[in-house]
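Below is one structure, written out as structure tokens; the observations come after it.
The values are calculated or read from the model by the stated rules, or taken from the named source; none is laboratory data. Because the structure is predicted, anything quoted here is derived from the model rather than measured. A quick note on method: Cβ atoms are made from the backbone with ideal geometry, for glycine too, and the neighbour counts reach across all protein chains shown.
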Amino acid sequence: MNEHHKVWMESRGMDEEWLRSATRNGFDVHHRDGNHSNNDPDNLIMIFSKDHAYLHSTSKFSARVNGKWMTQEEIDDIKLTKGERAYRMRLEGKVWREIGGGTLPNCAKFYAKKHGLKWPIHVPHPRETVDTSEGGLACKVYAMRLDGYGYVLIAQKFKMASKADAQRHGRKFAEANNLSWPPKSPFGVIIPIIHKSPYEDSLFTDAMKRD
């Protein structure tokens, strides 16, 4: 319970259980003057939650953040703070799963637009960092692993006897070109197996195996 809830209860002679029941059933306590520091009993009124939200949407208080009504300016400040951090991490080449999900992409976009910065920021796919133009079976196997294909699917595509053959070809290309094996993204993360055959043992363990 917030302070204004307690003031309202005491001034109306209601207990906490009654007020909790009322709020669960779609009611809320509203500050008439919009000043949330003014907890004078005459400034507090119980209204429908939908009406409460409507009143705030048509006033300077536009949204509730962590239980507190905030002005649009306050909300924008929070978005800019989060957006600046996310934007800088994106510039460093980090992918969104490293930066964090949720609203962070939108915050970064908001920050970029506010400051006239480039958006979106392109972070290269791991395959773009490897030259696979020379052809050859080993090169094709390595390229498919960078795209997230499992060893079983690669072996099936090139009619190999087993997934061990696919692993062997991929490792051969990696060693010849001084590349990481198992394949890793530019950020040091092992490429997970995304496209897998129904016979694939696991999303991750195959990428870690050695013959």
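Between MET9, MET14, which is in a loop (DSSP other than H, G, I, E, B) and aliphatic (A, V, I, L, M)? Before you say what the answer is, go through the steps one by one.
On the way: MET9 fails: in a loop (DSSP other than H, G, I, E, B).
Matching residue, one of MET9, MET14: MET14.
Applying the selection to the range 7-32, what residues are surrounded by fewer than 16 Cβ atoms within 10 Å (Cβ to Cβ), in contact with an Asp or Glu (Cβ under 9 Å, 6 or more places away or on another chain) and either without any contact (Cβ under 8 Å) to a residue 12 or more places away in the chain or under 26 Å from THR71 (Cβ atoms) (or both)?
Matches in the range 7-32: ARG32 only.
Filter the range 34-45 down to residues that are at negative phi and under 37 Å from the mean Cα position of the chain (by Cα), then give me how many there are. Spell out how you get there, then give the answer.
First, pick out the residues of the range 34-45 that are at negative phi: 35-45.
From the residues that got through so far, the ones that are under 37 Å from the mean Cα position of the chain (by Cα) too are 35-37.
Residues flagged as at negative phi and under 37 Å from the mean Cα position of the chain (by Cα) within the range 34-45 amount to 3.
I'd like the residue in the range 52-69 that is at pLDDT 70 or above and surrounded by 13 or more Cβ atoms within 10 Å (Cβ to Cβ) and, out of all such residues, is nearest to GLY100 (Cα to Cα). If you could, list the steps in order and put the result at the bottom.
Initially, the range 52-69 is screened for residues at pLDDT 70 or above, giving 52-55.
Keeping just the survivors that are surrounded by 13 or more Cβ atoms within 10 Å (Cβ to Cβ) gives 52-53, 55.
Values: HIS52: 32, ALA53: 29, LEU55: 33 Å.
Selected residue: ALA53.
Limited to the range 33-43, what total is found for residues that are exposed (fewer than 15 other Cβ atoms within 10 Å of the Cβ) and farther than 14 Å from LEU55 by Cβ?
Final tally of qualifying residues: 5.
Restricting attention to the range 129-136, does a residue exist that is surrounded by fewer than 17 Cβ atoms within 10 Å (Cβ to Cβ), on the phi < 0 side of the Ramachandran plot and modelled with pLDDT of 65 or more?
no
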